[in-house]
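Below is one structure; the comments refer to it alone.
The values are calculated or read from the model by the stated rules, or taken from the named source; none is laboratory data. Nothing here was measured: the structure is a model prediction, and the numbers come from that model. Neighbour counts run over all protein chains shown; Cβ positions are idealised from the backbone, glycine included. Areas reflect the complete protein model, heavy atoms only, side chains present, ligands, DNA and RNA absent. Shrake-Rupley method; radii C 1.70, N 1.55, O 1.52, S 1.80 Å.
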Amino acid sequence: MEFADMTKWRLKEHMKEHEGMEYDIIPRKKTRTLTQNAYYWVYLEIIENDTGNTASDLHELFKRMFLPPRFVTYKGKEIKLPSTTTNLEKYQFGEYLDKICAETNVPLPDPQEAGYISNY
């Protein structure tokens with residue numbers, strides 16, 4: 001029995017045992033991968049060589065430029081923080097890279113030549 005078939009079977013068995021129970025099925029978002037993140041940092045290093053800014057500073061700058069801020073409440077005060085790339089979906093991360101490319105005029109490296117497989 002294949003994994004998908006086994007999973008369906010288990011779900012059906014569970015539903016039989018718990019008749020009347022309600023279920024919410026939520027599609028899983030495909031967030032950016034660790035490979036995409038590594039590729040991003042290679043790209044930031046290329047931009048670093050072009051601009052003289054550190055990759056870390058560029059990362060913080062681009063997050064503030066292209067991602068919506070997030071807000072955290074601390075001791076009753078709402079504090080504005082920069083967003084994170086960690087929770088971006090794959091396509092959003094690709095759009096983020098495209099925005100950086102347009103801003104800097106530094107072309108994205110070929111993923112294969114850089115040692116990464118494009119998965120966005």
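Annotations
- Number of the condition not met by MET21 [criteria: (1) of a type outside the set (Lys, Arg); (2) surrounded by 11 or more Cβ atoms within 10 Å (Cβ to Cβ); (3) not in a strand (DSSP E or B)]: (2)
- Evaluating GLU113 against the criteria (1) modelled with pLDDT under 90; (2) closer than 23 Å to LYS30 by Cα leaves one unmet condition, (2).
- Residues satisfying the stated conditions in segment 29-81, i.e. over 18 Å from PRO109 (Cβ atoms), in contact (Cβ under 8 Å) with a residue 24 or more places away in the chain and not polar (S, T, N, Q): LYS29, LYS30, MET65, PHE66, LEU67
- Look at (1) of a type in the set (A, V, I, L, M, F, W, C); (2) under 19 Å from LYS29 (Cβ atoms); (3) in contact (Cβ under 8 Å) with a residue 60 or more places away in the chain and you find that LEU108 fails only one, number (2).
Residue-wise test of (1) β-branched (Val, Ile, Thr); (2) touching a helix residue (DSSP H, G or I) at 6+ places or on another chain (Cβ under 9 Å); (3) part of a helix (DSSP H, G or I); (4) open to solvent by less than 90 Å² (accessible area, probe 1.4 Å).
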residue	(1), (2), (3), (4)
ILE47	yes, yes, yes, yes
SER56	no, yes, yes, yes
HIS59	no, yes, yes, yes
SER83	no, yes, no, yes
THR86	yes, yes, no, yes
LYS99	no, yes, yes, no
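- Taken over segment 24-45, the residue count meeting the criterion of being outside any loop (DSSP other than H, G, I, E, B) and among the charged types (D, E, K, R) is 1.
- Per-region count, segment 101-120, residues in contact with a helix residue (DSSP H, G or I) (Cβ under 8 Å, 6 or more places away or on another chain), among the acidic types (Asp, Glu) and in a loop (DSSP other than H, G, I, E, B): 0
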